[in-house]
Each structure stands twice: as structure tokens, then as C-alpha cells.
């Protein structure tokens, strides 16, 4: 009893921890799907990073935030993302869809083909059969760019989780 009472009091007084999977990028709080694995960010430009799936079938979800007005507008980023495929934009089934996360404007981008993986000005590795599902969430302190790439089957199977996470941003 001597041990239980202090534990109960501590539980009542201490702030509750964030829900599992909750994380912040800029002013927005997202909740990652339970199946996603948090990964170390590969560069300082990345604000959060997750692995989706296992082994050769794994995809990657990366969050970026550069501040207000930085990184170009929505259209510039859509063109950049579609340009990361070997095939021309009209051959990768490029689609752009507008949505909302509450009152926050969101632009989704999707494409499928041979993804050219690698740093912007570095060598590229061709990844045939890959897909892109991305979102630009127009937060008050600058857009949050979310990019999901991986084998088409992995991206397709996690599309609903991705969109639920984006549209659930607070």
C-alpha cells in the first residue's frame, strides 16, 4: 500500500505522455499509423521519417518543413516530385487532388513508374515499379511536405493510412 499510493498520486499529477505515434512537424501534430516504424532522419532537412513494410517491399515516408514561403510553392513541388520519375509526367499516371485537414488546405500528388532515388544533385538509383504518394499541408507557419515512396504495392496498401494521418493533422 505504501508503494501504490505514491504511484497513483504520481499518475494523477504528472502530465500524460503523448499518444503512441503522435509527433509534431512545425505547428502540426500528426498521428502515425501503428504499423509504421519511426526511423532516424537521414538528413537535417527531414523533420520526421518512417519505414512502411519490410525488407525489399519497404517504403519510406518523409516529412519536410522549411518555414513560411520557403521551398517554392505547391506547383513547383508537384513538378519536382513528378520529375523524380524516369518516365515523362504524362506516362506516370500523375494525379493531383485538393483536400482539407480540418480547415487546412492539402494538395495530394501521386504517380507510378521508375522512381529515380537519390539526393537532388547526386547520383540516382532507378527503382522500377515504384509509386509516390505525397501531400503538401499548408500550415500557418509554412507548408509541411510529406513524401511517401516505395514499391507500388506497399504505397497502395498504405494509402488509406497515409490520408487518414494527413487529414487528421491538428
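The values are calculated or read from the model by the stated rules, or taken from the named source; none is laboratory data. Bear in mind the structure is a predicted one, so any value in this text is a computation, not a measurement. In this analysis, Cβ positions are derived from the backbone assuming ideal geometry, glycine residues included, and neighbour counts consider all displayed protein chains.
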Return the residues of the range 81-90 that are surrounded by 19 or more Cβ atoms within 10 Å (Cβ to Cβ) and part of a helix (DSSP H, G or I); say none if nothing qualifies. 81, 82
So which of 67, 21, 59 ends up being farther than 22 Å from residue 167 by Cβ and touching a residue at least 12 places away in the same chain (Cβ under 8 Å)? 67
If we ask which residues in the range 63-86 are over 15 Å from residue 110 (Cα atoms) and under 17 Å from the mean Cα position of the chain (by Cα), their number turns out to be 6
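Matching residues to (1) within 17 Å of residue 148 (Cα to Cα); (2) surrounded by 15 or more Cβ atoms within 10 Å (Cβ to Cβ); (3) at pLDDT 95 or above; (4) in contact with a helix residue (DSSP H, G or I) (Cβ under 9 Å, 6 or more places away or on another chain):
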{"site": "60", "(1), (2), (3), (4)": "yes, yes, yes, no"}
{"site": "71", "(1), (2), (3), (4)": "no, yes, no, yes"}
{"site": "78", "(1), (2), (3), (4)": "yes, yes, yes, no"}
{"site": "92", "(1), (2), (3), (4)": "yes, yes, yes, yes"}
{"site": "109", "(1), (2), (3), (4)": "yes, yes, yes, yes"}
Among the listed residues 162, 148, which satisfies the condition of being under 13 Å from residue 84 (Cβ atoms), in contact (Cβ under 8 Å) with a residue 60 or more places away in the chain, within 17 Å of the chain's Cα centre (by Cα) and surrounded by 18 or more Cβ atoms within 10 Å (Cβ to Cβ)? 148
What tally of residues in the range 52-75 results from selecting those that are farther than 10 Å from residue 136 by Cα and in a loop (DSSP other than H, G, I, E, B)? 10
Per the list (1) outside any loop (DSSP other than H, G, I, E, B); (2) within 16 Å of the chain's Cα centre (by Cα); (3) without any contact (Cβ under 8 Å) to a residue 60 or more places away in the chain; (4) closer than 21 Å to residue 155 by Cβ, residue check on residue 34 breaks on (1)
Among the residues in the range 135-142, are any within 24 Å of residue 26 (Cβ to Cβ), buried (at least 17 other Cβ atoms within 10 Å of the Cβ) and in contact with a helix residue (DSSP H, G or I) (Cβ under 6 Å, 6 or more places away or on another chain)? yes
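Any idea which of 29, 41 is loosely packed, with under 15 Cβ neighbours inside 10 Å, outside any helix (DSSP H, G or I) and at pLDDT 95 or above?
29
Would you mind finding the one in 122, 150 that is out of contact with any helix residue (DSSP H, G or I) (no Cβ under 6 Å at 6 or more places or on another chain) and assigned to a loop (DSSP other than H, G, I, E, B)?
The unique qualifying residue is 122.
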Could you tell me which numbered condition residue 78 fails, if it satisfies all but one of (1) in a helix (DSSP H, G or I); (2) out of contact with any strand residue (DSSP E or B) (no Cβ under 6 Å at 6 or more places or on another chain); (3) free of Cβ contacts under 8 Å to residues at least 60 places away in the same chain? (2)
